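Here, each number is a calculation from the coordinates, and none is a lab measurement. Everything numeric here is computed off the predicted structure, so don't read it as measured data. Cβ placement follows ideal geometry from the backbone for every residue including glycine, while neighbour counts extend to all protein chains displayed.
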Amino acid sequence: MKKVLLAAVMACGFVLEGGAPPAVRPDIVINLGTAAPRDSPWSKVLDRTREEWLKITGGKVLMRIYPGGVRGDEAGMILKTRIGELQAVGLSGAGLALVEPAVGCLQIPLLIDSYEEFDYVRDRISPRLEALIEKRGFVLLQWSDVGWVHFFTRTPVRTPRDLGKLKLFTSAGDPEAEKLYKKFGLNVVPLAVTDLQISLRTNVIQAFDVPPLFALLDQSFGLAKNMMDLKWVPLAGATLVSKKTWDRIPEATRAEMSRAARAAALRAREEIRKLGDDAVAVMRKKGLTVVSLDAAARRQWQSEVEAAYPGLRGSLVPADLFDEVVRLHEEFQSKAEKADSKKAGKSGSK
């Protein structure tokens, strides 16, 4: 999966301070790097978290936010957090998978097809994922939504064969994504995140996959004005803090800070999802073509992707987690079908 909170901005060294500096000298400073652009909905969640933490700790814990990728790409920021140059990082699903590959179980292509189902699966699988992440030396503070990943291309694409003819951007340092796309017969070109637009301009790549909201904020859609109407995968994101830094905070205070961080992300969830939908309408007005797929093309995508699932299970996604997500998917679908049937029965009886 791609790093979709990619840098669209800024001059080096920009820090979001969110108002006047605290009157109390902080005991702990948490420097957080993220590729989320300044003033994006994701960076605003971090702003709210920062302000809540200042209130909870009386200014004793200060979070400084470095947005727009000014502290490097996701792989680089993870390394900086490990060595203490940063203390926290906001990541897309691709970055999360670099910390703990098991997170890939949330990003199985063409398995989940609605936000309701995504919430159902993630809520039930996240305790296991968070425990695995903690073993890697990080504490997950909040889950976030990035949006449905779509393919943006220089020329219209409808089938896997069409896409396979184009050179597809994948983030350098994300070998699992590279392996995944090669399993689908796609021609991937690993590049630094910051090289996305220049690579489109110079025809080094002709396709990339990101959520619509990122494509709008980054303006990258202007260089690839076709978006395939296929919801490839829902991309999760999360904010992680170094466990070493987190453990310096008193336990009772940590619990309150954790609740505040999760609440800030939850409040923004529906807004981010709506903005993702709205982004498509805005880009259409600016020249984007949404390439519709007929039933035959959709069946072809589904068939070819499902044929690759055995190769994902146990290699890119741990077998037990792959099976659990598939089970939760089937459980949700069964409950949805029963609810629809019950609703139809009530409607017919009127």
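So how compact is the chain: Cα radius of gyration and Dmax in angstrom?
Final numbers for Rg and Dmax: 20.5, 68 Å.
Rounded to the nearest 5, what % of the DSSP beta bridges within the chain are antiparallel ones? All intermediate terms of the calculation are to be shown ahead of the outcome.
Details: 22 of 41 bridges.
Here the antiparallel bridges make up roughly 55 percent for the chain.
Would you compute, from DSSP H runs of 4+ residues alone, the mean residue ellipticity of the chain at 222 nm, taking -39500 (n - 2.57) per run and dividing by the full residue count, rounded to the nearest 500?
Values: 12 runs with 170 residues, N = 350.
Here the helix-only value at 222 nm equals -15500 deg cm²/dmol.
Starting from the Cα-Cα distance between N203 and K135, subtract it from 0.36 nm times their residue separation and give me the gain in nm to one decimal.
On the way: separation 68, 0.36 × 68 = 24.48 nm, distance 4.15 nm.
Here the segment from N203 to K135 would lengthen by 20.3 nm.
In nm, to one decimal, how far is the N187 label point from the E331 one, both placed 7 Å along Cα→Cβ?
In this crude label model, N187 to E331 measures out at 4.3 nm.
Using the Karplus curve 6.51 cos²θ - 1.76 cosθ + 1.60 with θ = phi - 60°, what ³J(HN,Hα) values do you get for each residue of region 326-332, in whole Hz, with x for Gly and Pro?
Values, residue by residue: 4, 4, 5, 4, 5, 5, 5 Hz.
List every residue whose amide H lies under 5 Å from the amide H of G147, counting only residues 5 or more places away in sequence or on a different chain, with H placed 1.01 Å from N in the peptide plane.
Residues meeting the amide H criterion: L235.
Once amide H atoms are placed 1.01 Å from N in the peptide plane, what residues at a sequence separation of 5 or more from V188, or on another chain, have their amide H within under 5 Å of its amide H?
So V188 has HN proximity to L168.
Beta carbons within 10 angstrom, averaged per residue: use that to sort the peptides 88-94, 280-286, 333-339, highest first. Walk me through the numbers before you get to the answer.
Numbers: 88-94: 27.9, 280-286: 13.7, 333-339: 11.6.
Per-residue mean Cβ counts within 10 Å order the peptides as 88-94, 280-286, 333-339.
To the nearest Å, what is the center-to-center distance of region 63-139 and region 205-277, using C-alpha atoms only?
The two parts, judged by their Cα centres, are 10 Å apart.
Could you run the Karplus curve 6.51 cos²θ - 1.76 cosθ + 1.60 with θ = phi - 60° over region 238-251 and give me ³J(HN,Hα) per residue in whole Hz, x for Gly and Pro?
For region 238-251, the Karplus curve yields 6, 10, 10, 10, 4, 4, 4, 6, 4, 5, 6, 8, x, 4 Hz.
Exceeding 28 Å between C-alpha atoms, which entries from my cross-link table qualify? They are K179/K231; K231/K286; K60/K243; K80/K183; K243/K274; K135/K335.
K80/K183; K243/K274; K135/K335
On C-alpha positions alone, give me the angle between the axis of helix 74-83 and the longest principal axis of the chain, in degrees, nearest 10.
Helix 74-83 and the main axis of the chain meet at about 30 degrees.
Could you pull out every residue, at least 5 positions away or on a different chain, whose amide H is within less than 5 Å of the one on R64? Hs are placed 1.01 Å off N in the peptide plane, and Pro or chain starts have none.
I30, N31, L32
Can you compute the FRET efficiency between D119 and E256 using 1/(1 + (r/R0)^6), with r the Cβ-Cβ distance and R0 = 25 Å? Round to the nearest 0.05. Let's see the in-between values first.
Values: r = 24 Å, r/R0 = 0.98.
With a Förster radius of 25 Å, E is 0.55.
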